[in-house]
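Comments concern the structure below.
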Amino acid sequence: SAYAEYICLPSDACLVKKPKELSFEQAAAMPLGGLNALHYLQRANIQPGEKVLVNGAGASIGSFAVQIAKAMGAEVTAVDSTIKQTMLQEIGADHFIDYTKSSFLDTQELYDVIFDMVPQSSYSGCIKILKPKGRYLCANPTFSKMLRSVITPMVTNKRVYFAFAQETKECLVKLIDMAEKQKIRPAIDSVFSMETIVEAHQRVETEQRCGIVVLTVNKD
């Protein structure tokens with residue numbers, strides 16, 4: 001991997017104009033997490049009133065997932081560490097579970113959809129707390145989980161999805177439209193310059209960030 005201030009893209013790349021309502025930093029924070037969150041939640045076909053749990057809700061994909069699920073009419077439970085509770089509640093989470101204090105697998109609650117960003121989470125545990133016809137969205141699947149996802153629909157009435165989003169202009173336009181209507185907003189933790197890229201990586205790797213870390217390029 002590498003970083004650069006400029007990049008050449010093909011004419012048919014997934015590009016749209018930046019909305020006036022968003023800063024450059026906010027716009028930069030939208031595509032990666034937003035497109036993947038939208039992709040998974042559309043696959044789940046979420047209906048108003050359904051209960052959605054987002055595990056690993058405090059980073060890029062998860063923070064968008066909380067907001068998009070809310071915009072779809074869901075009741076959302078966010079799972080992450082203590083320091084991310086305030087941010088997640090501010091962006092719309094109805095309930096918060098601190099995984100450092102208790103496991104969402106130990107609750108008596110059942111969910112229509114579980115959106116899971118954590119590779120180490122229990123596959124069987126997540127399937128167990130899904131309601132009939134529930135959907136398990138596995139955003140960081142291990143090879144074992146991918147294999148088990150094929151078997152689960154054969155022996156239960158539950159579904160598993162793990163394919164990442166194909167970045168399309170259509171989906172990016174949907175995302176931008178939601179931002180313009182103030183249904184979602186990028187949860188930005190901090191902004192770093194290209195000269196402080198090491199510090200940016202350190203911020204991400206500590207898992208202490210509340211939302212998205214953004215890089216800016218020189219403007220001179």
Report summary line: Rounded to two decimals, the Debye log10 I(q)/I(0) of the chain (Cα scatterers, no solvent) at q = 0.16 Å⁻¹ is -1.13
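With a probe of 1.4 Å, find how much accessible area the chain has per residue, and write the answer as a whole number in Å².
Numbers: 12030 Å² over 220 residues.
Solvent-accessible surface per residue comes out at 55 Å².
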Report summary line: To the nearest 20 debye, the range 4-64 has a Cα-centred charge dipole, built from +1 on Lys and Arg Cβ and -1 on Asp and Glu Cβ, of 160
Query raised in the report: Lys/Arg Cβ at +1, Asp/Glu Cβ at -1, dipole of the chain taken about the Cα centre: which of VAL66, SER124, ALA13 is farthest positive-ward?
Result: SER124
Query raised in the report: Can you give me the relative contact order of the range 158-213 as a percent, contacts being Cα pairs under 8 Å and 6 or more apart?
Result: 33
Query raised in the report: Using the alpha carbon gyration tensor of the range 1-96, what are the three equivalent-ellipsoid semi-axes (square root of 5 times each eigenvalue), largest first, in whole Å?
Result: 27, 16, 12
Query - Nonlocal amide H pairs with LEU130, under 5 Å, H built at 1.01 Å - result: TYR111
Report task. Please list the radius of gyration and Dmax for the range 49-154, considering alpha-carbon atoms only, with Å as the unit. Result -> 13.0, 40
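Report the charge-dipole magnitude of the chain in Debye, nearest 20, computed about the Cα centre from +1 at each Lys and Arg Cβ and -1 at each Asp and Glu Cβ. If you can, show how the numbers build up before the last one.
Numbers: 24 positive and 24 negative charges, 172 e Å.
So the dipole magnitude of the chain works out to roughly 820 debye.
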**Report entry** Cross-link table LYS84/LYS131; LYS70/LYS101; LYS101/LYS133; LYS70/LYS128; LYS18/LYS133; LYS18/LYS101, entries beyond 32 Å C-alpha to C-alpha
**Finding:** LYS18/LYS133; LYS18/LYS101
Query raised in the report: When the accessible area of the range 34-188 is computed with all protein chains present and a 1.4 Å probe, what percentage of it is carbon and sulfur?
Result: 53
Query raised in the report: For the chain, what's the relative contact order in percent, using C-alpha pairs closer than 8 Å and at least 6 residues apart?
Result: 23
Requested in this report: Mind checking which aspartates and glutamates have their Cα closer than 19 Å to the Cα of LYS183? Skip sequence neighbours fewer than 8 apart in that chain.
Outcome: GLU21, GLU25, GLU50, GLU75, GLU90, ASP94, GLU170
Report task. List the equivalent ellipsoid semi-axes of the range 52-112 in whole Å, largest first, each obtained as the square root of 5λ for an eigenvalue λ of the Cα gyration tensor. Result -> 16, 14, 9
Query raised in the report: With no solvent and one point per C-alpha, what does the Debye sum give as log10 I(q)/I(0) for the range 131-191 at q = 0.12, 0.14, 0.15 Å⁻¹?
Result: -0.51, -0.65, -0.71
Query raised in the report: Beyond 19 Å, what share of the Cα-Cα pairs of the range 88-137 remains, rounded to the nearest whole percent?
Result: 27
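The values are calculated or read from the model by the stated rules, or taken from the named source; none is laboratory data. Remember, it's a predicted structure, so these values are computed and weren't measured experimentally. As a convention, Cβ positions derive from the backbone with ideal geometry for all residues, glycine included, and neighbour counts pool all protein chains shown. Surface accessibility is based on the protein's heavy atoms, side chains included, excluding ligands, DNA and RNA. Shrake-Rupley method; radii C 1.70, N 1.55, O 1.52, S 1.80 Å.
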